[in-house]
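Worksheet: one structure, shown below.
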Amino acid sequence: MTDQLTRPLRSMKLYVSACLLLILGVCSARAAEEREKPFTEDSVVCGMAEKGAHGLVNMVTGCYEFPMQIYKGYQRGIERIDAPAGSRSLGMLLGVPRGLSHAVGRTAWGCIQFAGFWTRNPTTSRDLRQLFDSEYSWEMGTAKPLFGSNFEEASAGVADRFARGLHNLLGAPLEIPGQIRKADVERRVFVGIPKGLWYGSSRLIYGVADFALFFVPGYEDSMGVPFDEVYGWDALNGNYYTNIPE
């Protein structure tokens, strides 16, 4: 009985220890890469802390989306219905499935951010579908309907999420030789392999996430530090630092 209770704690300790070792390795490589640059909020350490904290909050409060979306539906109503009672009643009713999808999405993406606080990530998802109304579940925010202004826009947004997931899955293994080549060009050979493993595993995680969670909302803007390149094969092709945040 005691062994059954302590086994999850041992697994958690191993995970935390592995993450700390990864952070130390990555940060030491990054420190050598950026030794001449001042410490900023966009640094790796701050990005990891921000993503982990953001993920923890959303993971814990994701279930609050269900009653909140029902309340939002009641408050916003349905524009095409003139009668206030009918508009708000239907809005509240539609808030039920919307609340379920938002709760699942926020909890799932929160888990990914919390457990994967060490990962690099895409810069933004604002052109994809679906998106959360707000950064946190208790905020009113602005409703972002699935279909946007038309069905074609919605289809393009869902297709773009699939495409990004596919690009990251295909590009994940190419990050290793790509980052080795970039490190060799920049005469920082010793950072190539750890960066390749770091970037490759990050792309794999986000590629799987985009495929698995396409049916639920996601974040509009990503926390943490974005990839250096847009695609996993950019560095291998000699296209360095192509991912310039807007």
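Sorted from greatest to least, the principal axis extents spanned by the alpha carbons of segment 171-246 come out as 43, 25, 20 Å. Computed 3J(HN,Hα) for segment 70-78, one whole-Hz value per residue from the Karplus formula 6.51 cos²θ - 1.76 cosθ + 1.60 where θ = phi - 60°, is 5, 5, 4, x, 5, 5, 7, x, 10, glycine and proline marked x.
Label sites at Ala143 and Cys63, each approximated as a point 7 angstrom past Cα along Cα to Cβ, lie 2.7 nm apart.
The Rg/Rh ratio of segment 94-133, with Rg taken over Cα atoms and Rh as the Kirkwood radius over Cα pairs, comes to 1.04. The calculated FRET efficiency for the pair Arg126 and Val189, based on their C-beta separation and a Förster distance of 45 Å, comes to about 0.75.
Extension gain for Ile81 to Phe211 (0.36 nm times residue separation, less C-alpha to C-alpha distance): 43.2 nm.
Residues whose amide H comes within less than 5 Å of that of Asn121, counting only those at least five positions distant or on another chain, are Val225, Phe227 (H built at 1.01 Å from N in the peptide plane).
Working from label points 7 Å from Cα in the Cα-to-Cβ sense, the Val158 to Leu197 distance is 3.9 nm. Under conditions of 37 °C and 0.692 mPa s, segment 69-126 yields 247 µm² s⁻¹ as its translational diffusion coefficient, taking Rh as the Kirkwood radius over Cα pairs in the Stokes-Einstein equation. Considering segment 110-230 at the alpha-carbon level, its Rg and Dmax are found to be 16.1, 50 Å.
Only the coordinates and a few stated rules stand behind these numbers; no lab work does. Since the model is a prediction, treat every value here as computed from it, not as a measurement. Please note: Cβ atoms are built from the backbone with ideal geometry, for glycine as well, and neighbour counts cover all protein chains shown.
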